[in-house]
Amino acid sequence: MNEIRAKITDIQSSDNLSVLSFDANTQTMRLMALGLNLPLSLGSEVLLGVKSSNISLASSIQGELSISNQLPCNIESLEMGTLLCSVRLRFGECLLRSVITKASALKMGLHEQQNIIALIKASDLSIIKIFPTSETKCD
């Protein structure tokens, strides 16, 4: 599970649906959840989680996308397998891992030190920890 430290900047709720906005490494991120029942408030620091298979990659984007979370990253390393490629990404102080098909990695010409955009749907994020206000480091 990938982990991203973030601070809540906005909370919107309607019926059983919540959309939360966060600041993570100066990037705005959004999480969409049903039945969110956590003690959250503006300014709360949290650890967001996302599966490696839920991080898509783009080398360039033209036009608008419905994917809320578009994180500028740098490729630290690639591990090519028979069918899959594990891509280690640096997003600020955080290290993330994306798992994509080997065919996609080859088609995109991915390589170390390449700037890339990690794409994460708001519904693919989860809150895995709420921090006391005194802790301040990206895990």
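Miscellaneous remarks
- Added length on full extension, which subtracts the Cα-Cα distance from 0.36 nm per residue, residue 93 to residue 65: 7.5 nm
- In the frame of its principal axes, the chain has Cα extents of 43, 32, 26 Å, reported largest first.
- Treating r as the C-beta distance of residue 54 and residue 131 and R0 as 22 Å, the FRET efficiency rounds to 0.45.
- Straightening the chain between residue 25 and residue 102 buys 24.8 nm, computed as 0.36 nm per residue apart minus the Cα-Cα spacing.
- Helical contribution to [θ] at 222 nm, DSSP H n ≥ 4, -39,500 (n - 2.57), averaged over the chain, rounded to 500: -1500 deg cm²/dmol
Throughout, read-outs are computed from the coordinates displayed, never taken from laboratory work. Note that the structure is a prediction, hence the values are computed from the model and not measured. All Cβ positions, even for glycine, are placed from backbone atoms using ideal geometry, and neighbour counts span all protein chains on display.
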